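Here the structure comes first, spelled out in structure tokens, and everything after it is commentary.
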Amino acid sequence: MKLSLIIAWLFSFPLNGLAQNVKEMNTAQTPETEIRNVIENYYFKGIYEGNTELLKKAFFKEALLFGDVSGVPYFKTVQQYIEGVGSRVSPEKSGKLFHAEIISLEVINSIAMVKLNVKMYNFNYYNFITFNKIEGKWMIVNKTLTHLQP
């Protein structure tokens, strides 16, 4: 009888009051992490493999590209750029040098600027990529580039 009363008494306490204070795990990624993901898994990988579907995921559909390559002015719509990447032999298939790195990344509210260095074939490109968060996704809205002679 005493045992029954003790057990009943113990069960009368709210169990949640005795549980550990468990904090919810924050799984939301930072803007920097999300942007790095787009660059590394869609942009760099798309260029390296010649994978136009990956590039389409990285770019806003009306993005523009400007710059110069060996002193020659460069202007393309994103559609022209992606078609060009798809029609060339990719660095992956050519076995040629491909090295891409993020030099800097800065985020302010819903915009971001990323400086990249991409070495492929015989080119040494510096890219300035502008991102904007559109409908919850970080997308490339502008790319400027130049090629530096070694």
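So here's what we get for this one:
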{"quantity": "Gained length - Q29 relative to N41, 0.36 nm times residue gap less alpha-carbon distance", "calculated": "2.8 nm"}
{"quantity": "Whole-Hz ³J(HN,Hα) from phi, Karplus 6.51 cos²θ - 1.76 cosθ + 1.60, for the stretch 51-62, glycine and proline x", "calculated": "8, 5, 5, 5, 5, 4, 6, 7, 9, 5, 4, 10"}
{"quantity": "Amide H contacts under 5 Å for N124, placed H, 5+ residues apart", "calculated": "L148"}
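All of the numbers you see were taken from the coordinates with simple rules; none came from a lab. The shown structure was predicted, so the numbers you read here are calculated from the model rather than taken from an experiment.
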